[in-house]
1. Surrounded by 19 or more Cβ atoms within 10 Å (Cβ to Cβ) and either free of Cβ contacts under 8 Å to residues at least 12 places away in the same chain or within 19 Å of Ala138 (Cα to Cα) (or both): which single residue out of Gly113, Gly87, Gly75 fits that description?
2. Would you check if there is a residue in region 34-41 being in contact (Cβ under 8 Å) with a residue 24 or more places away in the chain and either aliphatic (A, V, I, L, M) or in a loop (DSSP other than H, G, I, E, B) (or both)?
3. Taking Asp21 as the residue in question, decide whether it is within 23 Å of Gly178 (Cβ to Cβ), surrounded by fewer than 18 Cβ atoms within 10 Å (Cβ to Cβ) and modelled with pLDDT under 95.
4. Identify the residue in region 73-93 that is within 13 Å of Arg114 (Cβ to Cβ) and of a type outside the set (Gly, Ala, Ser) and, among all such residues, is nearest to the chain's Cα centre (by Cα).
5. Between residues in region 5-16 that are of a type in the set (Phe, Trp, Tyr) and residues that are part of a loop (DSSP other than H, G, I, E, B) and surrounded by 10 or more Cβ atoms within 10 Å (Cβ to Cβ), which pairs lie under 8 Å by C-beta distance while being six or more apart or on different chains?
6. Of everything in region 1-15, what is closer than 23 Å to Ala193 by Cβ and of a type in the set (Lys, Arg)? Give them in sequence order.
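The values are calculated or read from the model by the stated rules, or taken from the named source; none is laboratory data. On a predicted model such as this, the values are computed, not experimentally measured, just so you know. Every residue, glycine among them, receives a Cβ derived from its backbone with ideal geometry; neighbour counts consider all protein chains shown.
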Amino acid sequence: MTIKDSDIEKLRVSYQMGEMDERSSLANPLDQFKSWFDEAVQGQCDEPNAFTLSTIDAGRPRGRVVLFKGFHKTGIVFYTNYHSPKGHELKALPMAAATFLWLPLQRQVRIEGRIEQIPEEMSDSYFSKRPYGSQIGAIASPQGKVVSSRKELEDAFNHTKNFFPEGKPVPRPKTWGGFVLVPDRWEFWQGRANRLHDRIIYLEENGTWAKKRLAP
């Protein structure tokens with residue numbers, strides 16, 4: 001059955017799961033994020049650490065979903081191939097935006113700020129904890145590049161396994177590691193009835209955080 005535009009127009013949800021007030025929200029946005037993230041995990045949201053990472057490439061916005069893997073300094077950490085398109089974009093213009101969406105809680109968090117490469121020892125530590133197959137995949141895959149077929153990828157994977165047998169330490173490739181998004185702007189969105197959603201932003205001003213409410 002083909003869905004008609006008229007059917008799409010009728011798709012809507014009444015948001016009534018909660019509320020957010022700028023007076024009772026936590027003073028530090030990182031603490032507020034940790035609180036909401038814990039609730040997303042405990043609430044069994046699918047892939048609660050998945051977020052859309054937005055970058056700029058020669059003036060063109062680009063987005064993709066990646067996984068949040070921890071904290072460094074006051075920012076959120078994720079990992080990628082440094083030679084991938086997003087790796088090049090983040091080095092050319094080290095600014096980015098992250099968007100988390102937790103639909104069961106009717107919440108969204110938007111984060112904007114600068115990008116920094118995390119220390120190598122931090123990337124080494126995380127890489128050593130990844131499953132063996134993920135380690136081999138990180139070495140074998142030319143992330144973001146055109147390949148001739150699925151077979152080319154599988155052959156590269158199996159070839160790499162010959163050099164790094166399972167059960168022995170697999171060294172992290174220098175082309176793979178972590179970035180941290182250090183925010184200067186956070187926005188917490190809580191769905192409310194009648195589309196009068198709560199939107200609370202935190203803006204960094206002279207080393208402190210100022211909270212403000214935005215119209216939905």
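1. Working: Gly113 fails: either free of Cβ contacts under 8 Å to residues at least 12 places away in the same chain or within 19 Å of Ala138 (Cα to Cα) (or both); Gly75 fails: either free of Cβ contacts under 8 Å to residues at least 12 places away in the same chain or within 19 Å of Ala138 (Cα to Cα) (or both).
From the options Gly113, Gly87, Gly75, the qualifying one is Gly87.
2. The answer is yes, given that some residue of region 34-41 is in contact (Cβ under 8 Å) with a residue 24 or more places away in the chain and either aliphatic (A, V, I, L, M) or in a loop (DSSP other than H, G, I, E, B) (or both).
3. On the way: within 23 Å of Gly178 (Cβ to Cβ): no; surrounded by fewer than 18 Cβ atoms within 10 Å (Cβ to Cβ): yes; modelled with pLDDT under 95: yes.
So Asp21 fails the test.
4. First, the residues of region 73-93 that are within 13 Å of Arg114 (Cβ to Cβ): 73-76, 90-91, 93.
Among the residues that remain, those that are also of a type outside the set (Gly, Ala, Ser) are: 73-74, 76, 90-91, 93.
Details: Lys73: 16, Thr74: 15, Ile76: 8, Leu90: 14, Lys91: 17, Leu93: 17 Å.
Residue satisfying both the conditions and the ranking: Ile76.
5. Tyr15/Gln106; Tyr15/Gly191; Tyr15/Arg192; Tyr15/His197
6. If the condition is that a residue be closer than 23 Å to Ala193 by Cβ and of a type in the set (Lys, Arg), then Lys10, Arg12 are the ones that fit.
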